[in-house]
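Trainee: Next up is a structure, given as structure tokens.
The values are calculated or read from the model by the stated rules, or taken from the named source; none is laboratory data. No experiment lies behind these values; they were computed from the predicted model shown. Positions of Cβ are backbone-derived with ideal geometry, glycine not excepted, and every protein chain shown enters the neighbour counts. These accessible areas exclude ligands, DNA and RNA; they are computed on the full protein's heavy atoms, side chains included. Shrake-Rupley method; radii C 1.70, N 1.55, O 1.52, S 1.80 Å.
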Amino acid sequence: IPLCIGVVFQCGLLVAQTPMKVLTFGEIKPQGWVYNQMLRDISSGNSSYLEFMRPLGAPITESDKGYGEFEGNFADCVIRNAILTGYKPWLDKAKNIAGFLLENQDEKGYVGRKRPDNFQELAQNEIELWSQCCFLRAFLAYYEYTKDPVYLNATVRSVDFMIKTFGD
């Protein structure tokens, strides 16, 4: 979500004192206790154990470990925290996760836990739309970081596929 600077409140009204600049994700880095908390969480806190709960790397089509919200949010968590903290082990992990998601996107653009032959079945399962959203946040965060169009193109392919599958 872009953040605008150069804005103050005056008598309850939002007034721009200087021209506003839209800031992209990662343009502002956490410092102080926020940075320390984020680093602690990804190096030895709760986030450092997420992948052990449900490994990211098992085949997406594995039915007993269906992909979805958890995996998409985990991928997004790793990528965003890595970018914001610059923590090298997680920057490497973010690169691997983004690559894994790309490798497992099918030719139609689908990334998710089900790969039915009959996509009418998929369209009747709204949770798939939410799962796609979780994965796409990870793609978009990695795109903003790398500026590599392959991640933006993967997002567009997925969105186009989901619009075709679910309708307007």
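Trainee: Quick one: would you say R54 is of a type outside the set (S, T, N, Q), at pLDDT 90 or above and either touching a helix residue (DSSP H, G or I) at 6+ places or on another chain (Cβ under 9 Å) or open to solvent by 70 Å² or more (accessible area, probe 1.4 Å) (or both)?
Mentor: The answer is no for R54.
Trainee: Considering only the stretch 129-168, state which residues are among the aromatic types (F, W, Y) and under 14 Å from the mean Cα position of the chain (by Cα).
Mentor: W130, F135, F139, Y142, Y143, Y145, Y151
Trainee: Additional query: Do you know which residues across the stretch 137-168 are crowded, with 17+ Cβ neighbours inside 10 Å and without any contact (Cβ under 8 Å) to a residue 60 or more places away in the chain?
Mentor: Within the stretch 137-168, F139, L140, Y143, Y151, A154, T155, R157, S158, F161, M162, T165 meet the criteria.
Trainee: So, one more: For the stretch 124-139, indicate whether the set of residues that are of a type in the set (D, E, K, R) and at pLDDT below 90 is non-empty. Explain how you work it out, then say what you get.
Mentor: First, pick out the residues of the stretch 124-139 that are of a type in the set (D, E, K, R): 126, 128, 137.
Cutting the leftovers down to at pLDDT below 90 gives us 126, 128.
Yes, the stretch 124-139 contains a residue that is of a type in the set (D, E, K, R) and at pLDDT below 90.
Trainee: In the set N73, N81, N96, which member is at pLDDT 75 or above, assigned to a helix (DSSP H, G or I) and either among the small types (G, A, S) or open to solvent by 60 Å² or more (accessible area, probe 1.4 Å) (or both)?
Mentor: Going through N73, N81, N96 in turn, just one is at pLDDT 75 or above, assigned to a helix (DSSP H, G or I) and either among the small types (G, A, S) or open to solvent by 60 Å² or more (accessible area, probe 1.4 Å) (or both): N96.
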